[in-house]
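Single-structure report; data block below.
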Amino acid sequence: MSRRSGQNGYIERSGNWYVVRFWQDVVGQDKRKHLRVRICPCSGPDLLNRSERKRKAREIIAASKADTAEYFEKVQAANHVGTGTTFRQQAELWLEHMKNRKRQPIASSTYHTWWSCLYRWLLPKLGDLPLSDVDNDPVRELVSEMSASGKLGAKSILEYIKVVKAVVASAKDAKTRKPLFPVVWDDEYLDLPVVAKKDQNRPAFDGKIVTAVIADAKRRWAQMLFVLSAATGVRIGETLGLEIQHLVDDCRILTIRQKVRHCKVEPYLKTDNAYRDVDVHPDVAKMLKAFIGNRTSGFVFCTRNAKPLSDSDILNRHLHPALAKLGQKQAGHHAFRRFRVSWLRRQRCPADLRHSWLGHAGRSVEDDYDRLREDVEFRQHVVKEIGLGFELPTEELRCKVVTETGDLYRNF
């Protein structure tokens with residue numbers, strides 16, 4: 001493009017019209033196309049003089065964008081990707097690449113989330129468009145339809161649009177790795193919604209709710225699971241992925257090394273910081289040791305066939321019914337984790353230990369220097385002093401809960 005000096009066009013008479021001839025690049029062709037556009041009639045009131053014809057010819061060429069670098073690069077990019085490459089085709093290539101790449105492949109949960117984003121909303125609206133045409137205009141219409149449907153919250157719409165941007169940006173030149181279709185996304189023009197904290201649903205339990213939920217558990221394993229979740233703040237997938245071999249020092253330490261998703265073991269965690277050792281309060285460790293009994297292998301929480309439990313079954317059959325009895329809104333397993341975070345902050349737990357137990361990254365250079373998390377004796381002293389923030393299940397507690405809440409626990 002840098003070798004092209006621009007075009008003034010060639011003006012000639014063709015029949016009863018003055019026309020301008022010029023060259024323009026065409027998608028799918030290596031050679032440029034010779035175009036001819038009318039300027040004015042050769043006679044009559046609309047006839048233009050010579051200088052006016054030259055001015056209008058330049059305006060016609062400028063309007064066609066035949067001489068602009070942006071148009072040239074767009075055509076070259078389309079020819080490089082392939083004529084007729086659609087957003088659907090590029091999205092499928094991008095998703096498979098993100099899943100199978102050697103450098104930081106996405107987790108299966110992320111894959112299914114993005115797959116759902118594409119096939120529920122994005123592909124039906126943008127799938128058949130050429131990739132080069134997916135810019136602010138069609139995406140603005142998509143945002144408008146999402147908002148008008150009332151089915152998606154502000155946060156969900158933002159995440160869907162992030163997927164659109166990622167798909168378009170994934171088309172790159174094989175050598176230079178520059179984007180073939182660079183788009184300056186204008187969030188103001190797209191009219192993207194603003195996510196307000198008050199609109200985000202982040203339910204969390206308090207100590208009384210945790211105590212009551214634990215007391216309501218009909219199964220011993222469910223009770224132990226709720227106690228461990230509230231006492232450690234470990235994610236539900238990591239809890240279900242615990243095996244007997246991951247319990248160290250008489251169950252005083254949980255070594256988090258894997259997780260379970262959809263009843264299948266995944267030998268990797270959410271982030272590098274998620275690989276950690278979590279200290280357990282001695283009373284909870286004693287309860288956990290009694291729960292395990294004589295078992296020496298297998299999952300801590302499992303089915304009769306020694307398979308991992310389903311987190312959705314735990315929600316639907318145990319946690320949600322307990323919350324309904326207590327008159328509480330539905331909440332997921334993460335509510336236990338938020339409870340633990342709140343309790344650790346309230347007890348002024350050292351920040352580096354809090355980040356380590358929860359699997360979060362440090363927030364300063366000092367966190368990289370600090371070796372406090374390697375002091376096992378100090379960690380176990382802190383976890384004992386901090387306490388639990390809820391009551392462990394006892395027969396007296398069950399009777400107390402029954403008295404306060406009515407005949408909710410008559411099945412015990």
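A few notes on this one:
- Filter pass, LYS208 being assigned to a loop (DSSP other than H, G, I, E, B) and modelled with pLDDT under 95: no
- Residue within segment 380-400 that is part of a loop (DSSP other than H, G, I, E, B), among the β-branched types (Val, Ile, Thr) and either touching an Asp or Glu at 6+ places or on another chain (Cβ under 9 Å) or at pLDDT below 90 (or both) present: yes
- Residue within segment 33-47 that is touching a Phe, Trp or Tyr at 6+ places or on another chain (Cβ under 7 Å), closer than 30 Å to VAL265 by Cα and at pLDDT below 90 present: no
Here is a yes/no grid of residues against (1) of a type in the set (Val, Ile, Thr); (2) within 23 Å of GLY362 (Cβ to Cβ); (3) surrounded by 15 or more Cβ atoms within 10 Å (Cβ to Cβ); (4) under 24 Å from the mean Cα position of the chain (by Cα):
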| residue | (1), (2), (3), (4) |
| --- | --- |
| THR296 | yes, no, no, no |
| ALA306 | no, no, no, no |
| LEU315 | no, no, yes, yes |
| LEU319 | no, no, yes, no |
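- Conditions (1) outside any loop (DSSP other than H, G, I, E, B); (2) surrounded by 12 or more Cβ atoms within 10 Å (Cβ to Cβ); (3) not charged (D, E, K, R); number of the one not met by ALA148: (2)
- Residue pairs meeting the criteria (Cβ under 6 Å; at least 6 apart or on separate chains; first in the same structural domain as LEU190 (by TED's automatic domain parsing), in segment 142-154; second surrounded by 12 or more Cβ atoms within 10 Å (Cβ to Cβ) and of a type outside the set (A, V, I, L, M, F, W, C)): LEU142/LYS125; ALA154/PRO193
- Options VAL183, VAL260, VAL234; residue that is part of a loop (DSSP other than H, G, I, E, B), in contact with a strand residue (DSSP E or B) (Cβ under 7 Å, 6 or more places away or on another chain) and surrounded by 15 or more Cβ atoms within 10 Å (Cβ to Cβ): VAL234
- Residues located in segment 114-134, provided they are touching a residue at least 12 places away in the same chain (Cβ under 8 Å) and under 19 Å from LEU158 (Cα atoms): TRP114, TRP115, CYS117, LEU118, TRP121, LEU122, LEU123, LYS125, LEU126, GLY127, VAL134
- Pick from segment 151-178, criterion of a type in the set (Ser, Thr, Tyr) and in a helix (DSSP H, G or I), ranking: nearest to ALA91 (Cα to Cα): TYR160
- Scoring LEU228 on the criteria (1) assigned to a helix (DSSP H, G or I); (2) in contact with a Phe, Trp or Tyr (Cβ under 8 Å, 6 or more places away or on another chain) leaves a single failure, condition (2).
- Hits in segment 237-257 (condition: part of a loop (DSSP other than H, G, I, E, B) and either more than 16 Å from HIS333 (Cβ to Cβ) or not assigned by TED's automatic domain parsing to the domain that holds ILE314 (or both)): ASP249, ASP250, CYS251, ARG252, ARG257
- Near pairs, Cβ below 8 angstrom, 6+ apart or cross-chain, from segment 256-270 (over 21 Å from THR303 (Cα atoms) and at pLDDT below 90) to any residue that is of a type in the set (Lys, Arg) and crowded, with 17+ Cβ neighbours inside 10 Å: TYR268/LYS259; LEU269/ARG257; LEU269/LYS259; LYS270/ARG235; LYS270/LYS259
- Annotation note: of GLY207, GLY293, the sole residue that is touching a Gly at 6+ places or on another chain (Cβ under 7 Å) and more than 30 Å from ARG371 (Cβ to Cβ) is GLY207.
The values are calculated or read from the model by the stated rules, or taken from the named source; none is laboratory data. Since the model is a prediction, treat every value here as computed from it, not as a measurement. Note: ideal-geometry Cβ built from the backbone for every residue, glycine included; neighbour counts use all protein chains shown.
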